[in-house]
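S.K.: Mind looking over this structure? Questions follow.
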Amino acid sequence: MSTSAREEEPAPVPVRPGTLPLLLFASTLTVMAGSILAPVIQVIRGDLGVSGTAAGLIITTHSLSIAVTSPLAGWMLDRWGVRLPLAGGLVLYGLAGGAGLIVDSYPALIATRAVFGAGAALVFSGTTVALLSLYRGPAQDRAMGWRGTATSAGGVLWPLLAGAVGGISWHLPFGVYLVGVPLGIATALLLPRTRPASPGHARGSGPGAWAMLREHRLPLVWYALQFCGSLLLYALVVFLPERLAEVGVEDPLQVSFYTVGMSGAMSPIALAYASLRRRLAYSKLIRASLMLLTAAFLLLAVASNAPLLFLAPLLFGLGQGVFFPVTTVLIGEGVPAEVRGQATSLSGTATFAGQFASPLLIGPLIQATSNITGFRRPRSPWSSWRSPGRT
C-alpha cells in the first residue's frame with residue numbers, strides 16, 4: 001500500500017465479540033454458491049433433459065450476475081458502509097437461492113440463479129471489505145488465514161450435505177441457501193456501524209470504478225489472474241463429474257467427496273497463511289500456487305483411475321488456499337480505503353466472470369474432443385506467467 005493510502009486509512013472501529021465468527025460463517029456462503037450443486041448436477045441434467053453445457057450454466061449463471069452487479073455492490077459499500085448492504089445481500093442470497101426448492105423448469109431455475117447472484121455479489125464484496133477494514137497488520141493476516149479455513153470448511157460441509165440430501169431429491173440442496181436469511185439478520189444486529197472513508201465519497205462524489213482503475217493500475221494484474229484462477233476452478237467443479245463418470249464414479253455422495261477433497265486441502269494452507277506471509281514474499285507465494293494448479297490439471301488429463309483422480313482436487317485446493325488470499329490482500333492494499341469497496345467489487349467481477357465463462361469456453365472444447373484434452377488445454381495460461389515484482 002502506498003504511503004498516501006496509509007495516511008487516508010481511517011481509524012479502526014471497535015469490533016464486538018462474535019463479529020469475526022459471523023464474517024467467517026458468511027464467507028463460507030461464497031464458496032458454496034456453486035459447489036453445493038456439483039454433486040447433483042448430473043441428476044439435474046438428466047431430470048431436466050439439458051446438455052452438459054446447459055447444466056453447467058445452472059452452477060455458473062449466478063457468477064455472471066455477480067460479475068455484472070459487483071460494481072453496484074461496491075458503490076453501495078463505499079457509500080453506506082458494510083453493515084446494511086451486507087445484511088440485505090445475505091437475506092436476498094437466502095431467499096433467491098432457496099427458490100430452487102420449488103422450481104422445476106430450466107428457464108425458471110436460471111432466472112432464480114440470476115437474482116441469487118445479486119445477493120451473492122454483496123456477500124462476496126461485503127465480507128471482504130469488512131475483514132480488510134476492521135482488522136489491520138498481523139490481525140488482518142490471521143483473519144484472512146482463518147477466512148480461508150472457514151471457506152474450506154464450508155467447501156467440505158456444504159457439498160457433503162448436498163450429496164447426502166441430493167440422493168433424495170435434487171431440489172433439497174437448494175434449501176441450504178436459506179441459511180443466508182438468519183445470517184443477514186445477525187449481521188444487521190451485530191456488525192459495527194461504519195461510515196464511508198471520506199465524506200465526499202459518502203455524498204456520491206467519489207471516483208467511479210473506471211476512474212479508480214485509471215489512477216490505480218496494479219490491481220488490473222490481480223484481476224486478470226483471478227479471472228484465470230476462477231476459470232480453472234469451475235472447469236474442475238463443472239466437468240470433474242463427467243471425468244469421474246468415465247472411471248465409474250457417478251453416485252452424488254461419492255462425487256461430493258472429490259469436491260470436499262479440494263476444499264479440505266485448503267485448510268492446512270489457510271491455517272498457515274499468516275506464518276507463510278511472514279516468511280515469503282507475495283510473488284513467491286503466487287508462483288507456488290500456480291505450480292500447484294498446473295500440476296492438478298496435468299493429473300486430471302492423465303489419471304486413469306478414481307484414486308489417482310482424487311489427488312488432482314487436493315493439489316488444486318492447496319494452490320487455491322494460497323492464491324486467493326494473496327491476491328485479495330494485494331487488491332485491498334493497492335487502493336485508498338475510500339474506494340476499497342469498488343476495488344473489491346471488481347475482484348468479484350473478475351472472479352465470477354471467470355466462473356461463468358468456464359463452461360462456455362471449456363465445455364465446447366470437451367464436447368468436441370474429450371475430457372482428457374479439455375483438462376490438458378487450460379494449463380497454458382499459467383506456464384508463461386511472471387510476477388510483476390511485488391513483494
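The values are calculated or read from the model by the stated rules, or taken from the named source; none is laboratory data. The structure displayed is predicted, hence computed values, not measured ones. Here the Cβ is made from the backbone with ideal geometry for all residues, glycine too, and neighbour counts use every protein chain on show. Ligands, DNA and RNA are stripped out before the accessible areas are found, and what is left, the full protein with its side chains, is counted by its heavy atoms. Shrake-Rupley method; radii C 1.70, N 1.55, O 1.52, S 1.80 Å.
S.K.: Quick check: anything in region 38-47 in a helix (DSSP H, G or I), open to solvent by 20 Å² or more (accessible area, probe 1.4 Å) and under 22 Å from THR344 (Cα atoms)? It would help to see each step written out before you state the result.
M.R.: Step one: list which residues in region 38-47 are in a helix (DSSP H, G or I), which gives 38-47.
Narrowing further to those that are open to solvent by 20 Å² or more (accessible area, probe 1.4 Å): 42-43, 45-47.
In the following step, the residues that additionally are under 22 Å from THR344 (Cα atoms) were identified as none.
There is no residue in region 38-47 that is in a helix (DSSP H, G or I), open to solvent by 20 Å² or more (accessible area, probe 1.4 Å) and under 22 Å from THR344 (Cα atoms).
S.K.: A further question on this structure: Within region 77-90, can one find any residue that is outside any helix (DSSP H, G or I) and closer than 19 Å to SER27 by Cα? It would help to see each step written out before you state the result.
M.R.: Restricting attention to region 77-90, the residues satisfying the condition of being outside any helix (DSSP H, G or I) are 81-82.
Retained after the next criterion (residues that are closer than 19 Å to SER27 by Cα): 81-82.
There is at least one residue in region 77-90 that is outside any helix (DSSP H, G or I) and closer than 19 Å to SER27 by Cα.
S.K.: Filter region 132-148 down to the residues that are closer than 20 Å to ARG279 by Cα and either of a type in the set (A, V, I, L, M) or surrounded by fewer than 20 Cβ atoms within 10 Å (Cβ to Cβ) (or both) and list them by number.
M.R.: Residues satisfying the conditions are ARG136, GLY137, PRO138, ALA139, GLN140, ASP141, ARG142, ALA143, MET144.
S.K.: Something else: Give the residue, chosen from VAL165, VAL156, VAL115, that is closer than 24 Å to LEU64 by Cβ and either charged (D, E, K, R) or open to solvent by 10 Å² or more (accessible area, probe 1.4 Å) (or both). Lay out the reasoning, then the answer.
M.R.: On the way: VAL165 fails: closer than 24 Å to LEU64 by Cβ; VAL156 fails: closer than 24 Å to LEU64 by Cβ.
Result of the check over VAL165, VAL156, VAL115: VAL115.
S.K.: Here's another thing I want to ask about it. Among the numbered criteria (1) hydroxyl-bearing (Ser, Thr, Tyr); (2) part of a helix (DSSP H, G or I); (3) modelled with pLDDT of 80 or more, which one does SER169 miss?
M.R.: Unmet condition: (2).
S.K.: Another question, then. Listed residues PHE356, PHE316, PHE352, PHE310; which is under 26 Å from ALA55 (Cβ atoms), buried (at least 24 other Cβ atoms within 10 Å of the Cβ) and at pLDDT 80 or above? Can you show your working first?
M.R.: On the way: PHE356 fails: at pLDDT 80 or above; PHE352 fails: at pLDDT 80 or above; PHE310 fails: buried (at least 24 other Cβ atoms within 10 Å of the Cβ).
Going through PHE356, PHE316, PHE352, PHE310 in turn, the sole match is PHE316.
S.K.: Within the bounds of region 328-335, is there any residue that is open to solvent by less than 10 Å² (accessible area, probe 1.4 Å) and not in a helix (DSSP H, G or I)?
M.R.: Quick first cut of region 328-335, residues open to solvent by less than 10 Å² (accessible area, probe 1.4 Å) only: 329-332, 335.
With not in a helix (DSSP H, G or I) added as a condition, the list becomes 335.
Looking through region 328-335, at least one residue is open to solvent by less than 10 Å² (accessible area, probe 1.4 Å) and not in a helix (DSSP H, G or I).
S.K.: Got at least one residue in region 241-251 being open to solvent by less than 10 Å² (accessible area, probe 1.4 Å), farther than 27 Å from LEU161 by Cβ and of a type in the set (A, V, I, L, M, F, W, C)?
M.R.: no
S.K.: Take ILE366 and decide whether it is modelled with pLDDT under 80, in a helix (DSSP H, G or I) and in contact with a helix residue (DSSP H, G or I) (Cβ under 8 Å, 6 or more places away or on another chain). So that I can check it myself, show each step before the final result.
M.R.: Working: modelled with pLDDT under 80: yes; in a helix (DSSP H, G or I): yes; in contact with a helix residue (DSSP H, G or I) (Cβ under 8 Å, 6 or more places away or on another chain): yes.
In short, yes.
S.K.: Considering only region 274-288, state which residues are of a type in the set (Lys, Arg) and crowded, with 18+ Cβ neighbours inside 10 Å.
M.R.: Going through region 274-288, the residues of a type in the set (Lys, Arg) turn out to be 277-279, 284, 287.
Once the filter is applied, which keeps residues that are of a type in the set (Lys, Arg) and crowded, with 18+ Cβ neighbours inside 10 Å, region 274-288 yields only ARG277.
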